[in-house]
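Read through the structure below, which is laid out as structure tokens, and then see the notes.
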Amino acid sequence: MLWLLFFFQYAAIGVYFTFLNVYFHEAGLSGTQIGLLNMTTALVGVGSSVVWGYLADRTGKPRLWIALGVAGSLVVNQFVPYVQGFWAYLALGCLGSMMNSAPGTLVDSTALVLLGKRREDYGRYRLGGTIGYILTALTSGFLFQRIGLRAMFPAYGVVMLGFALAALLLPPAVVRLEARSSAAFGKMLARPAWLLFITVLFLCWIATNASIMFLSVALSAMGAGQGLIGVTATAPAVLEIPFMFFSGALLRRYGSVRLMMVGMGLMMARFFLLGIMPDPSWAVLANLLNGPAFVFFWNSAVNYANQMAPPGMAGTAQGMLASTASLAGVVSSLLSGWLLDQLGPNGIFRVMAVLVLAALLLFAVGRRFTRPAQA
């Protein structure tokens, strides 16, 4: 059931969020407006993620909060094709972000609680998400090219129904918030190693969010069709499969810190190649690097945050992780939209390559001056 939970979560991303900004672009929004829309909805997700994580830790019932968030996101997003204009899209986007931050925060932490001491095997279950994303992103691109992007809204609804059902059928996670966990969590937040980790995550997720939100828009601006956009999004997910399957063994052998640094190196190379591509067809090969880059960076970050969390506060720690990613999305969305308008489809990725390089150097140097968590 945990495998299915990841399957439906990422199938929803593949069928909906891969193409949502293309829908907004075709609806007449500028790059800056799309960036402002994504920035504001990400800002809503910053606070929402911490709240969902705390509620799950306090009640010990994360599966119910996941299902509630999924159901809310399903309902809200069905209204998008029936409204027009920036302000209407913004209102629905904020509501959808508030609800969607529940599964975005709680799925990873719930998986780690259920896995217990086998948390390094997280990647084998997360592999369900990779397969779900491949199936929907690849097929949806060609389907939407034939029948139009409005079909993505009912398709999203069907996938999210499966997501909610999988959440309700999970076994119970029995961990609850302990009496002194809040004070211990405050001490963890003040640790130099945690602050360094969160800063690096913030910088890398600015770049990652730029890719998530604007790669499809950039390719569309260069003349790519929905089919090519779908293939470009799917290619790294296919390459991700073996790395995700063996991620547990790799984490046990090399540790979270080393794999995070390898992931950042691959991210930087990917953005550099996207920044110099003369034709949108190049994006398929350049984007392949995102397969191992995402596995190494994100799986390591999830495990690293879990290792640093006080007992009973895994959900809150993952909520901080999700909030950091959302806060990075706030900065990234507006910055990326502006960069797209000012520098064009290639320029945005050249800037992101430099940003990831800065994060990698900061992490490598900062690790020498901070006391690391066990990783």
Filter the stretch 126-150 for residues that are open to solvent by 10 Å² or more (accessible area, probe 1.4 Å) and among the charged types (D, E, K, R); the one that is farthest from Ser256 (Cα to Cα) is Arg146
When you scan the stretch 312-327, do you find a residue that is at pLDDT 90 or above, out of contact with any Gly (no Cβ under 7 Å at 6 or more places or on another chain), surrounded by 20 or more Cβ atoms within 10 Å (Cβ to Cβ) and assigned to a helix (DSSP H, G or I), even just one?
no
Checking the structure you have, find out if any residue of the stretch 206-213 is at pLDDT 85 or above, open to solvent by 20 Å² or more (accessible area, probe 1.4 Å) and hydrophobic (A, V, I, L, M, F, W, C).
no
Kindly provide the set of residues from the stretch 221-240 that are open to solvent by 10 Å² or more (accessible area, probe 1.4 Å), modelled with pLDDT of 85 or more and within 13 Å of Asn290 (Cβ to Cβ), ordered by number.
Ala235, Val238, Leu239, Glu240
Among the residues of the stretch 241-258, write down those that are buried (at least 20 other Cβ atoms within 10 Å of the Cβ) and closer than 17 Å to Ala137 by Cβ.
Met244
Residue list for the stretch 237-282, filter: of a type in the set (D, E, K, R), in contact with a Gly (Cβ under 9 Å, 6 or more places away or on another chain) and over 23 Å from Met222 (Cβ atoms)
Glu240
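One line per residue, one yes/no per condition, for (1) on the phi < 0 side of the Ramachandran plot; (2) over 14 Å from the mean Cα position of the chain (by Cα); (3) touching a residue at least 60 places away in the same chain (Cβ under 8 Å); (4) buried (at least 22 other Cβ atoms within 10 Å of the Cβ):
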position	(1), (2), (3), (4)
Trp87	yes, yes, no, no
Leu90	yes, yes, no, no
Asn100	yes, no, no, yes
Thr105	yes, no, yes, yes
Asp108	yes, no, yes, yes
Ala111	yes, yes, yes, yes
Gly116	no, yes, no, no
Glu120	yes, yes, yes, no
Arg124	yes, yes, yes, no
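A quick yes/no check of all residues on (1) of a type in the set (D, E, K, R); (2) at pLDDT 85 or above; (3) surrounded by fewer than 24 Cβ atoms within 10 Å (Cβ to Cβ):
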position: Leu273; (1), (2), (3): no, yes, yes
position: Ser281; (1), (2), (3): no, yes, yes
position: Val295; (1), (2), (3): no, yes, no
position: Pro310; (1), (2), (3): no, no, yes
position: Ile348; (1), (2), (3): no, yes, no
position: Val356; (1), (2), (3): no, yes, no
position: Ala373; (1), (2), (3): no, no, yes
Tell me the residue from Met188, Met261, Met277 that is over 19 Å from Ala137 (Cα atoms) and at pLDDT below 85, please.
Met188
Which residues, taken from the stretch 1-45, are under 15 Å from the mean Cα position of the chain (by Cα), open to solvent by less than 30 Å² (accessible area, probe 1.4 Å) and of a type in the set (Val, Ile, Thr)?
Val15, Thr18, Thr41
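The values are calculated or read from the model by the stated rules, or taken from the named source; none is laboratory data. Since this is a predicted model, take the numbers as computed values, not measurements. Glycine gets a Cβ as well: all are built from the backbone with ideal geometry, and neighbour counts include every protein chain shown. All accessible areas refer to the heavy atoms of the entire protein, side chains included, with ligands and DNA or RNA removed. Shrake-Rupley method; radii C 1.70, N 1.55, O 1.52, S 1.80 Å.
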